[in-house]
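First up is the structure itself, then whatever we jot down about it.
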Amino acid sequence: MVTSQEVAARRPAPARPTTPEELLRRAEDLVPVLRGLSDDIERARRLPDAVVEKLRDAGVFRMGVPTEQGGPGLDSVQQTEVVETLARGDASAAWCAMIGMDTPLYAQFLPESVAREELSDPDAITAGLILPLGRAERVPGGYRVTGRWGFGSGITHADWVVAGCFVHRDGRPEQGPDGSPRHWRIMLARRDAFEVLDTWHTTGLAGSGSNDYQAKDLFVPEEHSFSLGAPRVEGPHSTAEAILRNMPGVPLGVARAALDHVRELAAGRTDRAAATPWADTYRVQMAIAESEMELGAARHAVYGSLRRQAEILEKGGEIGRDDRVDTVLARVNAFRVARAIVSRLYDLVATTAVYRPSPLDRWLRDLTTMRQHVIAQDQVLQSAGAHLLGGTPSNPFSLGIVA
C-alpha cells in the first residue's frame, strides 16, 4: 500500500502555513471543497488520498508543531477552531484531522531522539487507540506487544500508530511507577507494523476509516513507548488531557453547518398548509432560535473553559478540580447539544431531510456515531461528579488523570 507520505513525495509540496491565522484561513478555504467531496469520503469509508493531501497541504496535521520547530504552534483554542471549521465541510475529515495532528503532542512524552525522528516530517500523521487493550511483555531492550485495538481513526492514511498496553513482566502484570496495580504504557510503531482490519461498517463517520488493528509478538523498543503521566517536556501542551481538548470542535462544527443550512433553506420556503413563509412561521422561528441559543451556550462553554485552562497552565499553575471538570463537562455537552440540534432541525425539515442531496441525514448519522465515543458517555459525567465530591471516577482518563 502506498502511504500518504509517498503520495506527497511525488509532487512538489506547497508552502505550509507558519501562523495560526494562515492555517485557519486555509481551513476555511477547505470547507466548500470538503463538502463537495463528502459523498466520496463516505463511500470510500476512509479519507481518499486526495483529501488527505488537501489537509496536509493546508498544514492541518502540523498545527500542534511548536514554532521553534518550524510549525505554526497553535494552542488548544486555535486547534479547536480549526477542527470546528473543517467539520463544517465534512465530519470525517475533521475527525481525522483532530486525531492525526497528535504527533507533536506524543513527542512531548517520548525521548528526544525519537521525537526528532517523528518530527523530521512536521506533517506526519498519527492514529491509534491509547487505551490499554493490548499486552506488552517486558523483554531486553523493550516489549513484545500483542493485542487488538478498535477505533483506529485515520489509520488507513497514518504514518505512525499508537497502541495502549498493560505491561507484564515474566507473565505477570507489572505495577505502575506510582504503585498502581497495573502499569499502562503506550507503544509507538510504524503503521505497517500492524495489521489493519476492515471492520469500519458504521452508521456515521464512515469516512474516518476507524478500523480495528492488531499485532502479535511485535517488538517495540523501550524508547518507542511512553506514559502520558510522565512528559519529557513540561508545559501546557504536555498534560494528559491535551489530546482531548480539541475534540468538541467536531460536533460544534457539524451543528453549525446544519443550522446554517436550514436557515438558508428557510429563507425561500413556505408552509404549504398555511401558505405562510417559514420566516413568519412560529415553529420554525422557535426551532432556529432554540438551536442558536443552545449552540452558542455550548460553544462559549467549550472555548471559555479552554481559555481558563490555558491561562492557568501558561502561568505554571496546577489545574484545579473545578477548572478540570469545567472542560470535561463542556466537552460532553458539546456532543450532546450538537446531536440534539441536528435532530430538531431534521424533524423541522421533515421528509425533505431524508432525500439526497440534503446533507441533514449524514450530519445526524455522523453525530449519532461520534456521540457513542467513550469520551461522551455517561461514565464521564459520573467521573466528573465523583471528582468534584472526592469519590472514585469510573473513567479517570476522561479527566486527564493517568495512573
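In region 176-188, which residue that is open to solvent by less than 90 Å² (accessible area, probe 1.4 Å) and in contact (Cβ under 8 Å) with a residue 40 or more places away in the chain is farthest from residue 124 (Cα to Cα)?
The residue in question is 180.
Can you tell me which residue is least open to solvent (accessible area, probe 1.4 Å) among those in region 42-71 that are modelled with pLDDT under 95 and of a type outside the set (Gly, Ala, Ser)?
Top of the filtered list is 65.
Give the residues of region 293-327 that are in a helix (DSSP H, G or I), of a type in the set (Asp, Glu) and free of Cβ contacts under 8 Å to residues at least 40 places away in the same chain, sorted by residue number.
Listed by number, the residues that qualify are 311, 323, 326.
To keep it simple, each residue is scored yes or no on (1) of a type in the set (S, T, N, Q); (2) at pLDDT 95 or above; (3) out of contact with any helix residue (DSSP H, G or I) (no Cβ under 6 Å at 6 or more places or on another chain).
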| residue | (1), (2), (3) |
| --- | --- |
| 339 | no, yes, no |
| 351 | yes, no, yes |
| 355 | no, no, yes |
| 368 | yes, yes, yes |
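Identify all residues within region 381-403 that are surrounded by fewer than 18 Cβ atoms within 10 Å (Cβ to Cβ) and under 13 Å from residue 244 (Cβ atoms); write none if there are none.
396, 401
Residue 13 passes all but one of (1) modelled with pLDDT of 95 or more; (2) on the phi < 0 side of the Ramachandran plot; which number fails?
(1)
Residue-wise test of (1) part of a helix (DSSP H, G or I); (2) free of Cβ contacts under 8 Å to residues at least 12 places away in the same chain; (3) surrounded by fewer than 20 Cβ atoms within 10 Å (Cβ to Cβ).
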residue	(1), (2), (3)
251	yes, no, no
255	yes, no, no
264	yes, yes, yes
279	yes, no, yes
291	yes, no, no
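Scan region 74-122 residue by residue and report those that are part of a loop (DSSP other than H, G, I, E, B), surrounded by 20 or more Cβ atoms within 10 Å (Cβ to Cβ) and either without any contact (Cβ under 8 Å) to a residue 24 or more places away in the chain or in contact with a Pro (Cβ under 6 Å, 6 or more places away or on another chain) (or both).
74, 108, 109
The values are calculated or read from the model by the stated rules, or taken from the named source; none is laboratory data. Please read these numbers as outputs of a predicted model, since none were measured by experiment. Every residue, glycine as well, gets a Cβ built from its backbone with ideal geometry; the counts of neighbours run over all protein chains shown. What goes into the accessible areas is simple: the full protein's heavy atoms, side chains included, and nothing from ligands, DNA or RNA. Shrake-Rupley method; radii C 1.70, N 1.55, O 1.52, S 1.80 Å.
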